[in-house]
Amino acid sequence: MSTPRVYVIHENPEWFPPLAAAFAAEGVPVQEVLLTEGQIDLGAEPEPGVYWSRMSASSHTRGHEHSKEYTRAVLGWLECAGRTVVGGSHVLELEVSKVAQHGLLQAAGFDVPRTSAVFGTAPLKEAARTFTGGQDVPFITKHNQGGKGLGVRRFDSLAEFDAYVDSPEFEAPVDGITLLQEYLTAREPFITRAEFVGGEFVYAVRVDTSAGSFELCPADACEVPQVIAGAVCDVPGVEAPGAPAAFSLREEVTSEHPLVQRLRTFLADQGIQIAGVEFMETTDGRTVVYDINTNTNYNPAVEAVAPVSGPRAIARFTGALLERDHAVAAV
């Protein structure tokens, strides 16, 4: 067996360098586990260490259509072997299902967007009429297995939606589930992403949507303008002509903020140790929580001014788990 270390399970090597640098700075041994192809010996013991899954819901957009299934298999193997897993099987299922996220957030009492899940393409037109009460009112669509704003579009009429569903531009969701969601208007042109590591609040990021953006991923690798006709952000009520979003530290949102405290309790109850949770403050006074990112990325501009580094907090947190496991094994 090799020296115990933190194993990072993912499928996008472009996201790894900032994490590798953070682990090196904290003196925590780390190794990538790319789940794009490969094999596991189901009769063998997993290498000793801490395993952190940061599989992305958008992995299929990078040609890794089966990485989600690979991760399910690997996490099951690790958990059965008793290895410490951060972002385990339950968390993976939340990452790849906005329906699951919505249900848990709603059950916990958060204000969530009114949403209907449609299974397949044939029911979409009738489902939209049911959702809007047959009225031409704005609504948006998004993919259940999302990330990167997948399938997110605004429609102002049922005729417009019908034409889209029948057109070659229709973007079919990878799991066959399309969400219809109420259109919300932000009080100011930004949304907020609250970052948590090890169950503790790290910082809040203000994502400026005044110029519009198709992708809200904070990482350098995601900051590429996307010009998609009719597309909107992965946010209820923010249009997207294609310019990249601007990320900054939202200093007034602290660990004492009531919503942050509620989110901290919620994540602890759900066993989610690392996440970025997005919310919007609307013109009608609502604070709507709409997305849980369990493979969160960190923006370099925010990291440069933040009092605490997200990646280094992860390195310290998983490093402490590694030390704990080593101490237990030595007894």
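The values are calculated or read from the model by the stated rules, or taken from the named source; none is laboratory data. Remember, it's a predicted structure, so these values are computed and weren't measured experimentally. Don't worry about glycine lacking a Cβ; one is built from the backbone with ideal geometry, like all the others, and counts go over all protein chains shown. Each accessible area value is taken on the protein alone, full model and side chains, heavy atoms only, with ligands, DNA and RNA left out. Shrake-Rupley method; radii C 1.70, N 1.55, O 1.52, S 1.80 Å.
A few comments on the model shown:
- Cross-link partners of LYS125 among aspartates and glutamates (Cα-Cα below 16 Å; sequence separation of 8 or more within a chain): ASP136, ASP156, GLU160, ASP162, ASP166, GLU169, GLU171, GLU182
- Amide H contacts of SER56 (H built 1.01 Å from N, under 5 Å, at least 5 apart or other chain): GLU11
- In Å, descending, principal axis extents of the Cα set of region 242-331: 58, 30, 26
- Length-normalised contact order of region 260-331 in % [C-alpha pairs under 8 Å, at least 6 apart]: 19 percent
- Dipole orientation for the chain: of the candidates SER309, LEU180, SER255, SER255 has the Cα lying most toward the positive pole (charges on Cβ; Lys, Arg +1; Asp, Glu -1).
- Taking GluC sites (Glu not before Pro) as exposed when their DSSP state is a loop state and no more than 13 other Cβ atoms lie within 10 Å, the longest site-free interval of the chain runs over 66-168.
- Sorting LYS142, LYS125 by accessible area puts them as LYS125, LYS142; the probe is 1.4 Å, largest comes first, and only protein heavy atoms count.
- Of GLY49, PRO113, PRO13, farthest towards positive along the dipole that unit charges on Lys, Arg, Asp, Glu beta carbons give the chain: GLY49
- Measuring nothing but how far apart in sequence close Cα pairs (under 8 Å, 6+ apart) lie, relative to its length, the chain scores a relative contact order of 19 percent.
- Taking amide hydrogens as placed 1.01 Å from N in the peptide plane, the amide H of VAL6 sits under 5 Å from those of VAL30, GLN31, VAL50, each at least 5 positions away in sequence or on another chain.
- Centroid-to-centroid separation of region 18-37 and region 45-92 [C-alpha atoms, Å]: 15 Å
- Around the amide H of TYR203, modelled in the peptide plane, lie the amide H atoms of GLU195, all under 5 Å away and 5 or more residues distant in sequence or on another chain.
- Once all protein chains are placed together, SER56 keeps about 10 Å² accessible to a 1.4 angstrom probe.
- Helix-derived mean residue ellipticity, 222 nm - over the chain, DSSP H n ≥ 4, -39500 (n - 2.57), to 500: -9000 deg cm²/dmol
- Angle between the chain longest axis and helix 310-330 axis [Cα atoms, degrees, rounded to 10]: 40 degrees
- Per residue Cα convex hull volume in Å³ - calculated over region 3-127: 161 Å³
- Rounded to 10°, Cα long-axis angle of helix 67-80 versus longest principal axis of the chain: 40 degrees
- Between helix 17-26 and the chain there is an angle of about 40 degrees, using the helix long axis and the longest principal axis of the Cα atoms.
- Inverse mean reciprocal Cα-Cα distance (Kirkwood Rh) of region 83-209, Å: 16.4 Å
- Of all DSSP beta bridges confined to the chain, the antiparallel ones make up roughly 75%.
- Alpha-carbon Rg with Dmax, taken over the chain, Å: 20.1, 68
- Diffusion constant of region 273-322 at 20 °C, which comes from Stokes-Einstein with the Kirkwood Cα-pair radius and 1.002 mPa s, µm²/s: 166 µm²/s
- Per residue, the average separation of C-alpha pairs within less than 8 Å and at least 6 apart gives region 54-181 a relative contact order of 26 percent.
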